[in-house]
Amino acid sequence: MSFNEVRKDYLLDRWVVIATERGRRPTDFAKQERQKAKTAVCSMCPGNEHMTPPAVLVYLKSGRGIRKAKDKNGFRHKNWLIRCVPNLYPAFIPPRKKISQRQIMKSDDLALAVGHHEVLVESPNHDEHPSDARISQLFHVINAYVDRLREFSKKPYVRYVSIFRNHGIEAGASLSHAHSQIIATPFIPKTLEDELKASRKFYERNGKCAFCDILEKELKGPRLIVESSKFVVFTPYASVHPLEFWIIPKEHKATLLDMSQSDLKAFAETLKSCLNGLKRLVNDPPYNFGFHLTVNNDARRYYHWHLEVYPKLAIWAGFEKSTGMYINTVTPETAAESLRKTISA
C-alpha cells in the first residue's frame with residue numbers, strides 16, 4: 001500500500017500534503033478561456049492620467065535613458081514609461097505628522113494602519129504583463145520597485161515593504177492593465193516575521209544563511225527549474241500551490257536594495273522567462289507573486305531575499321481553512337519537470 005506525503009516547509013512551522021499518489025499533471029489545469037476583469041474605461045491607460053491621484057513617481061524618456069519625476073499641483077505627466085500612484089482605496093495611510101511606534105501600536109491587539117499603499121502601472125501598453133514584456137520595460141518596473149522600496153525604507157514608521165502582483169481576476173486583480181502594488185506597513189507581517197526568526201536561528205546554529213543552504217541542496221535535486229549565472233529557480237519542497245516556484249539570487253543578498261543594475265537586468269530576464277513558461281504551460285493562469293525581503297539592517301547577515309510565485313490553480317476549501325494544512329495535487333517534482341521543459345522549448 002502506498003501513501004501521499006506530508007512535507008514540512010523549509011523554515012515555517014507549516015505542513016503540506018503532497019499528492020504523490022494519483023497526483024494531477026500541470027496541463028490538467030489549462031483552461032480554454034480565462035476570466036478577465038472588465039472596465040469600460042481604463043484609468044491606467046495613457047490619456048486617462050486625470051483619473052488617478054497624482055503620481056509619486058514617473059519614469060519619462062530622456063535621450064537614451066530615463067528621467068524621474070512626480071506629478072505636482074494638478075499637473076499630470078504624459079508620454080510616461082512607468083507611473084506609481086497612491087491607491088484610491090488604501091489599506092494603509094501615511095501619517096499627517098510625526099508619529100511614534102508607541103502611538104501606532106495602541107495595545108497588544110490593536111494598531112493604527114499607518115503606512116503607504118501604492119499602485120505601480122507597469123507600462124503605457126495595457127497588456128504588457130511580465131510574461132510578454134520587453135526586457136527594457138520590465139527592467140524599468142523592477143527599478144521602480146527598488147526606488148519605492150528605498151523611499152519607504154527611510155520612513156521611521158515603516159517596518160516592512162510588501163511588493164506584490166495579482167494577475168487575473170481569480171487572483172484578485174480588479175483591473176486588467178499591467179500593474180503591481182506596494183504596501184508599506186508599521187509592523188512585520190507574520191509570515192515574514194516567522195521566516196526572519198527561523199533564518200536567524202539557523203544562522204546562529206550553523207553559521208550560514210538558511211536560504212543559501214536551500215539553494216545548495218535544490219541545485220542538485222529534481223525540483224530545479226532554471227539556473228543562470230545570477231539566479232536559481234525551483235519549486236519548493238513543501239509547495240502549497242500547484243506549480244509554485246521561487247526565484248532566488250545566488251549571491252547572498254537581503255534586499256533588492258543590495259542588487260546592482262546588472263543583477264536587476266538578469267532578474268528581469270529570469271522573471272520573464274519563467275512567467276512566460278507558466279503562461280504557455282497552463283494557458284495564462286491567474287497568479288500572485290510577492291517579494292520576501294527585509295528592511296532591517298540587522299537581518300542582512302542571515303536573511304536572503306527571494307520572489308515567490310503562486311499560480312491560482314486550486315481552491316482552498318474547508319480542510320485547508322479549518323486546519324491551516326494544505327493539499328497540493330501536483331508534486332513539486334512534476335511541476336519542476338513540466339516548467340523546465342516548457343521554458344527550454
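Here are a few things to note about the model shown:
- Residues in region 310-332 that are outside any loop (DSSP other than H, G, I, E, B) and buried (at least 22 other Cβ atoms within 10 Å of the Cβ): 311, 328, 332.
- Looking across region 86-99, just one residue is surrounded by 15 or more Cβ atoms within 10 Å (Cβ to Cβ) and aliphatic (A, V, I, L, M), and that is 99.
- The residue pairs whose first member lies in region 5-33 and is within 14 Å of residue 239 (Cβ to Cβ) and at pLDDT below 80, whose second member is of a type in the set (D, E, K, R) and in a loop (DSSP other than H, G, I, E, B), and whose beta carbons are closer than 8 Å, counting only pairs six or more residues apart or on different chains, do not exist in this structure.
- Residues that are surrounded by fewer than 18 Cβ atoms within 10 Å (Cβ to Cβ), touching a residue at least 12 places away in the same chain (Cβ under 8 Å) and in a helix (DSSP H, G or I), drawn from region 278-298: 280
- Being at positive phi, surrounded by 21 or more Cβ atoms within 10 Å (Cβ to Cβ) and not acidic (Asp, Glu) is a description that does not apply to residue 275.
- Only one entry in 56, 119, 114, 41 is within 18 Å of residue 163 (Cβ to Cβ), hydrophobic (A, V, I, L, M, F, W, C) and in contact with a helix residue (DSSP H, G or I) (Cβ under 9 Å, 6 or more places away or on another chain), namely 56.
- Residues of region 65-76 classified as surrounded by 11 or more Cβ atoms within 10 Å (Cβ to Cβ) and either touching an Asp or Glu at 6+ places or on another chain (Cβ under 6 Å) or not in a loop (DSSP other than H, G, I, E, B) (or both), total: 5
- Among the residues of region 241-261, just one is farther than 18 Å from residue 163 by Cβ, surrounded by fewer than 19 Cβ atoms within 10 Å (Cβ to Cβ), touching a residue at least 24 places away in the same chain (Cβ under 8 Å) and in contact with a Lys or Arg (Cβ under 8 Å, 6 or more places away or on another chain), namely 250.
- All positions within region 150-206 that are assigned to a strand (DSSP E or B) and either closer than 17 Å to residue 83 by Cβ or of a type in the set (Phe, Trp, Tyr) (or both): 160, 163, 164, 165, 179, 180, 181, 182
- Members of region 207-232 that are over 30 Å from residue 343 (Cα atoms) and in a helix (DSSP H, G or I): none
- Yes/no for residue 6 being part of a strand (DSSP E or B) and either of a type in the set (Ser, Thr, Tyr) or at negative phi (or both): yes
- Restricting attention to region 100-125, the residues that are surrounded by 15 or more Cβ atoms within 10 Å (Cβ to Cβ), in a loop (DSSP other than H, G, I, E, B) and more than 15 Å from the chain's Cα centre (by Cα) add up to 5.
- Selection of region 126-141 for residues being out of contact with any Asp or Glu (no Cβ under 7 Å at 6 or more places or on another chain) and either in a helix (DSSP H, G or I) or within 19 Å of residue 287 (Cβ to Cβ) (or both) yields 126, 127, 129, 130, 131, 132, 133, 136, 138, 139, 140.
- For region 42-64, filtered to residues that are assigned to a loop (DSSP other than H, G, I, E, B) and of a type in the set (A, V, I, L, M), the residue that is nearest to residue 126 (Cα to Cα) is 44.
- Candidates are the residues of region 70-99 that are of a type in the set (A, V, I, L, M) and within 25 Å of the chain's Cα centre (by Cα); the one that is farthest from residue 113 (Cα to Cα) is 81.
The values are calculated or read from the model by the stated rules, or taken from the named source; none is laboratory data. Values in this document were obtained by computation on a predicted structure and should not be read as measured data. Here Cβ is always computed from backbone atoms with ideal geometry, including for glycine, and neighbour counts include all displayed protein chains.
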